[in-house]
1. Is there any pair with a first residue in segment 71-82 that is touching a residue at least 12 places away in the same chain (Cβ under 8 Å) and a second that is open to solvent by 50 Å² or more (accessible area, probe 1.4 Å) and assigned to a strand (DSSP E or B) whose Cβ atoms are under 6 Å apart and which are 6 or more apart or on different chains, and what are they?
2. What are the pairs, 6+ residues apart or on separate chains, where a residue within segment 36-60 that is without any contact (Cβ under 8 Å) to a residue 60 or more places away in the chain and under 28 Å from residue 80 (Cβ atoms) has its Cβ under 9 Å from a residue that is surrounded by fewer than 13 Cβ atoms within 10 Å (Cβ to Cβ) and basic (Lys, Arg)?
3. Counting just the residues of segment 42-101 that are surrounded by fewer than 10 Cβ atoms within 10 Å (Cβ to Cβ), part of a loop (DSSP other than H, G, I, E, B) and modelled with pLDDT of 80 or more, which one comes out nearest to the chain's Cα centre (by Cα)?
4. Going by the structure shown, is residue 9 in a helix (DSSP H, G or I) and open to solvent by 70 Å² or more (accessible area, probe 1.4 Å)?
5. Could you say whether any residue in segment 24-36 is of a type in the set (D, E, K, R) and under 12 Å from the mean Cα position of the chain (by Cα)?
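The values are calculated or read from the model by the stated rules, or taken from the named source; none is laboratory data. This one's a predicted model, so the numbers in the text were calculated from it and none came from an experiment. Virtual Cβ from ideal backbone geometry, glycine too; neighbours counted across all protein chains shown. Surface accessibility is based on the protein's heavy atoms, side chains included, excluding ligands, DNA and RNA. Shrake-Rupley method; radii C 1.70, N 1.55, O 1.52, S 1.80 Å.
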Amino acid sequence: NGLIFRTTDLPVFSQYLLDHQMRRPPDHLAVEWFAGETAESKQYKAGRKQYTYRYNLFNHMGAWSSLRDTRSTAYPRCYEELTSPVLFEVEAFNKDECRWT
């Protein structure tokens, strides 16, 4: 769907992608960054929260996983909810944590 950043975070996140690109695909690195899963990203974020938009804005076009030689699971279509297990739990929309649902 896309990522929204503070302008000041872009150079740091860009460097994180470059430094770790051989280890994981970029979509996984983005989740890792926002979740603070590494000491580097956790320290930089300093406890800032991550927010997820509830609905999918685009249709996924790929059919094969970039990590393994298998077909990907079905992805949410336009305006369907972005929940786990399709997304990693840390990046998925969680109704129970949203005070506006």
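1. Going by the 6 Å Cβ cut-off, the qualifying pairs are 79/55.
2. So the pair list comes out as 36/48; 54/95; 56/77; 59/77; 60/77.
3. 49
4. Working: in a helix (DSSP H, G or I): yes; open to solvent by 70 Å² or more (accessible area, probe 1.4 Å): no.
Taking the combined requirement at face value, the residue does not satisfy it.
5. yes
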